[in-house]
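Heads up: the structure comes next, in structure tokens.
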Amino acid sequence: MGAGVAGYLSWTRFFGLTPVCVGFGGCDIVNASRFSELLGLPVALWGLAAYVALAVLGILSLRGVGWADLLAFGLAVGGWLFSMYLTAVEAFVLQAWCVWCVVSAVTISLITALSGLRLLRP
């Protein structure tokens, strides 16, 4: 889910398209803001890389690679913290909501919770 959302938002950003926004109606504002880039790359592209890395770590974890669980949790927590920062920017700075960003925030929240549970109950 997260990789799909991040991939779609990266695609729209690279091709100068406005993302289809159902519900909140602020995707164009959020996508065009200065907060939509980090180190010259779209934030969505960073998210896509993180979601792909989390998927690889999940596969490694299922294959019994012990350190993969801890690394996945660390990456998920970092992604969640950054997502909460971006959510606060949407709410308090831009005062515009992007449904895609909200879906991504919910997705990384669930991944963080599940990866934390995986550490507690391997």
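The values are calculated or read from the model by the stated rules, or taken from the named source; none is laboratory data. Only a predicted model underlies this, so the values are computations on that prediction, with no experimental measurement involved. When the accessible area is computed, the model is the full protein with side chains, heavy atoms only, and any ligands, DNA or RNA have been set aside. Shrake-Rupley method; radii C 1.70, N 1.55, O 1.52, S 1.80 Å.
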**Request:** Calculate, for the chain, the solvent-accessible area per residue in square angstrom, rolling a 1.4 angstrom probe over the heavy atoms of the protein chains.
**Result:** 59 Å²
**Asked** Which far-off residues, 5 or more places away or on another chain, put their amide H under 5 Å from the one on Leu38, with H placed in the peptide plane?
**Response** Val43
**Complete:** Taking only protein heavy atoms and a 1.4 Å probe, the highest-to-lowest accessible-area order of Ile29, Ile108 is Ile29, Ile108
**Asked** Per residue of the chain, what 222 nm ellipticity follows from adding -39500 (n - 2.57) for every DSSP H run with n ≥ 4, rounded to the nearest 500?
**Response** -23000 deg cm²/dmol
**Carbon plus sulfur fraction of accessible area for segment 31-106, probe 1.4 Å, in percent** = 76 percent
**Fill in**
Most fluctuating of Gly79, Gly25, Gly40 in the GNM of the chain (C-alpha, under 10 Å) is Gly40
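Explain nothing, just the number: relative contact order of the chain, from Cα pairs under 8 Å at least 6 residues apart, as a whole percent. Can you show the working numbers first?
Numbers: 130 pairs, mean separation 42.0, N = 122.
Over the chain, the number comes to 34 percent.
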